[in-house]
Amino acid sequence: MLRNRQSMVIAAVGLLVVAGLAACSEDDIAGVGQTASATMSGTDGAPMGTVTLQQGPNGVLVSADVNGLTPGPHGFHIHEVGACAPDFSAAGGHFAPGEHGHGFMHTEGAHAGDLPNIHAAGDGTARADYFTDQVTLAASGDTSVFDSDGSAIIIHAKPDTYGAEAGAGDRVACGVIERS
């Protein structure tokens, strides 16, 4: 009799856990499943492709499909302001909640907006997928790219050095990150 009661209690608790998990969809957990995109344009206004962002349970997948670049590596960053006009300087600096230093090689950690360089083929096209756990697409929070002034994606003329100084040169493409 006692054994049957224990089995019933265990089964009931198990059902409550399953019901609780079913009630919380992935969309309710820190923005999981949300998507955003940045339509990239060059300094002359010409379209240069798209960067998409997808929130997962452990971070954001950033996927770039761009064209019109010079062959070779280019700095690729999330910037702190969702604006590109007039010369992309409106995007401000790298997205950096927590005030970490710049670059993957920085001893205290990199800016949240620091991403690996993107590499353009001989025809100027670049396709890349990067994962970051330093930003979120959630509606709020310190690391949300949707803070009060939004965020933008910037592609630079030269590669990022990954050191304390980016050294990536001019901004050659910009796109404001917008919810999909």
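Data overview
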| read-out | value |
| --- | --- |
| Enumeration of residues in segment 55-80 that are polar (S, T, N, Q), part of a loop (DSSP other than H, G, I, E, B) and either over 20 Å from Phe146 (Cβ atoms) or in contact with a strand residue (DSSP E or B) (Cβ under 7 Å, 6 or more places away or on another chain) (or both) | Asn67, Thr70 |
| Lone qualifier among Ala173, Ala112, Ala83, Ala126 - being closer than 22 Å to Leu53 by Cα and surrounded by fewer than 19 Cβ atoms within 10 Å (Cβ to Cβ) | Ala83 |
| Output for segment 117-156, where each listed residue is under 18 Å from Val81 (Cβ atoms), part of a loop (DSSP other than H, G, I, E, B) and of a type in the set (Val, Ile, Thr) | Val135, Thr143, Val145 |
| Test: residue in segment 21-30 that is at negative phi, at pLDDT 50 or above, over 16 Å from the mean Cα position of the chain (by Cα) and in a strand (DSSP E or B) | no |
| Residue within segment 129-145 that is closer than 21 Å to Thr52 by Cβ and of a type in the set (D, E, K, R) present | yes |
| Residue count, segment 28-62 (criterion: under 14 Å from Thr125 (Cβ atoms) and polar (S, T, N, Q)) | 1 |
| Inter-residue pairs, beta-carbon under 9 Å, first at positive phi and in segment 79-93, second of a type in the set (Gly, Ala, Ser) and at pLDDT 95 or above, 6+ apart | Phe88/Ala152; Phe88/Ala173; Gly92/Ala83; Gly92/Ala152 |
| Test for Ala83: is it modelled with pLDDT of 95 or more, outside any loop (DSSP other than H, G, I, E, B) and of a type in the set (Gly, Ala, Ser) | no |
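The values are calculated or read from the model by the stated rules, or taken from the named source; none is laboratory data. Everything numeric in this text was worked out from a predicted model, so none of it was measured. Note that each Cβ is placed from the backbone with ideal geometry, even for glycine, and that neighbours are counted across all protein chains shown.
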